[in-house]
1. Does residue 177 count as part of a loop (DSSP other than H, G, I, E, B), surrounded by 14 or more Cβ atoms within 10 Å (Cβ to Cβ) and in the same structural domain as residue 122 (by TED's automatic domain parsing)?
2. Only one of 36, 82 is within 25 Å of residue 338 (Cβ to Cβ), free of Cβ contacts under 8 Å to residues at least 60 places away in the same chain and either part of a loop (DSSP other than H, G, I, E, B) or assigned by TED's automatic domain parsing to the domain that holds residue 385 (or both); which?
3. Among the residues of segment 343-357, are any touching a residue at least 24 places away in the same chain (Cβ under 8 Å), surrounded by 13 or more Cβ atoms within 10 Å (Cβ to Cβ), outside any helix (DSSP H, G or I) and not assigned by TED's automatic domain parsing to the domain that holds residue 76?
4. Yes or no: segment 89-96 includes at least one residue that is of a type outside the set (Gly, Ala, Ser), more than 25 Å from the chain's Cα centre (by Cα) and either closer than 29 Å to residue 380 by Cβ or in the same structural domain as residue 376 (by TED's automatic domain parsing) (or both).
5. Tell me, yes or no, whether segment 89-107 has at least one residue that is closer than 30 Å to residue 227 by Cβ and either of a type in the set (A, V, I, L, M, F, W, C) or surrounded by fewer than 21 Cβ atoms within 10 Å (Cβ to Cβ) (or both).
6. Counting only residues that are under 30 Å from the mean Cα position of the chain (by Cα), give me the helices (runs of 4 or more DSSP H) lying completely in segment 195-308 with at least 1 of them.
7. From the set of residues in segment 315-333 that are outside any helix (DSSP H, G or I) and without any contact (Cβ under 8 Å) to a residue 12 or more places away in the chain, which is farthest from residue 292 (Cα to Cα)?
Amino acid sequence: MSGVLDGIRVLDFGRYIAGPFCAALLADLGADVIRVEKVRGSEDRFLVPLNDDGDGALFMQVNRNKRGLTLNPMKTEGREVVRRLVATADVVVANLPDAALEAMGLDYVSLAAVKPDVILTSVSAFGAGGPYSAKTGFDGIGQAMSGAMYLSGSPGQPTKSYVPWVDFTTALSAAVGTLAALMARQRTGRGQEVKGSLLASALTVANAVLIEQAVNVPDRVATLNRSQVSAPSDTHRTRDGWILVQTIGQPLFERWTTLIGESHWLTDPRFTDDMSRGDHGGLISERMAVWCAERTTDDALAALEAARIPAGPVLSPQQTLDNPHVRAAQMLQALAFPGTPLPVPVADSPFSLSDTPPSIRGRAPKLGEHTEEILAALGYDADRVAILRATRVV
């Protein structure tokens, strides 16, 4: 079955998550994506290594469906390889500082001089136009500067999320922007530059909190896992584990009070709506904690499900891998990777299409795995490739 982006070529000069996962989503949709790495391997390849070569877990996730090329674009011969590649490309993805893009000939002006209708998708830490534009940053900086980290954890102990949600949110938004640019090119014949930033993504996710602060100035502080704008909404210990319960809106609260035998709370002025229940969430959480402590996780979840109250178990990574729904819905695809003792469970595309579905067709490339193949298609013969290897251009 053909993909939406069959015939589209993407050059991925990204690093870590935001750029590479954007390109991975385009690859899932059928694009031919070439991941360009340093000759010795880019730093993100080696995070959380899983085999003797140092290939890492994160790299295996965000580089599936790609071909691998090693290249030093700072050398004269490397710049020529870049020009030949760009001449064949529809999209270039790079999460590098502007100065680095210019030095590598990957800024939009340089790219458009080679391929006028090319699309450049670039991601930075802070975006353009402000005093931080030239600064570098990672996911955690976005969490810290958006207000999200301040409201996580407990008062006096801001807590960063273990998982890099800012990076992945940025990758998703950059992919949307890239698809929009491709659609625009179909109408106009022109390329353009797509820009995203970690801070912009973090501010988007935290925006409602910022709006409330600007208008009402509540100066909220962290309350661990307990919501401040509805209740019950918190994590609770059961006899054999933990569960998270979330209610929003009057119907759910009414069903919850019936379940735990506190129907009189429906006329209590402290609990008249979501905001008032959030203001008194500590009291509601205390009552829910007692109810949960008397039950096993399975019993508590069964009772909550019967009452149609959203709840779920707090799973360890191994329990997530073993979860029957995750398995039955095939949300993780097992990919064999050279040197790893077991197949790698890579998360499938986070969306589906009924007619032209995205798909994971292959594992991430080994370092430089497709270098000869890609260079041959650009017109380099075996002798020339050998010279480029000997001089560490590829």
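1. Working: part of a loop (DSSP other than H, G, I, E, B): no; surrounded by 14 or more Cβ atoms within 10 Å (Cβ to Cβ): yes; in the same structural domain as residue 122 (by TED's automatic domain parsing): yes.
In short, no.
2. Values: 82 fails: within 25 Å of residue 338 (Cβ to Cβ).
After applying the criteria, what remains is 36.
3. Scanning segment 343-357, I find no residue that is touching a residue at least 24 places away in the same chain (Cβ under 8 Å), surrounded by 13 or more Cβ atoms within 10 Å (Cβ to Cβ), outside any helix (DSSP H, G or I) and not assigned by TED's automatic domain parsing to the domain that holds residue 76, so the answer is no.
4. Pass one, segment 89-96, residues of a type outside the set (Gly, Ala, Ser): 90-93, 95-96.
Subset that is more than 25 Å from the chain's Cα centre (by Cα): none.
No: zero hits.
5. Initially, segment 89-107 is screened for residues closer than 30 Å to residue 227 by Cβ, giving none.
Looking through segment 89-107, none of the residues is closer than 30 Å to residue 227 by Cβ and either of a type in the set (A, V, I, L, M, F, W, C) or surrounded by fewer than 21 Cβ atoms within 10 Å (Cβ to Cβ) (or both).
6. Working: elements: 198-205, 207-216, 250-260, 274-279, 281-293, 297-306.
Passing ranges, in order: 198-205, 207-216, 274-279, 297-306.
7. Step one: list which residues in segment 315-333 are outside any helix (DSSP H, G or I), which gives 315-316, 323, 329-333.
From what is left, the residues that are without any contact (Cβ under 8 Å) to a residue 12 or more places away in the chain are 315-316, 323, 329.
Values: 315: 16, 316: 19, 323: 21, 329: 29 Å.
So, considering only residues that are outside any helix (DSSP H, G or I) and without any contact (Cβ under 8 Å) to a residue 12 or more places away in the chain, the one farthest from residue 292 (Cα to Cα) is 329.
Okay, residues lined up against (1) touching a residue at least 24 places away in the same chain (Cβ under 8 Å); (2) closer than 27 Å to residue 244 by Cα:
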position	(1), (2)
290	no, yes
301	yes, yes
313	yes, yes
339	yes, no
364	yes, no
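The values are calculated or read from the model by the stated rules, or taken from the named source; none is laboratory data. This is a predicted model, so every value here is computed, not measured. Glycine gets a Cβ as well: all are built from the backbone with ideal geometry, and neighbour counts include every protein chain shown.
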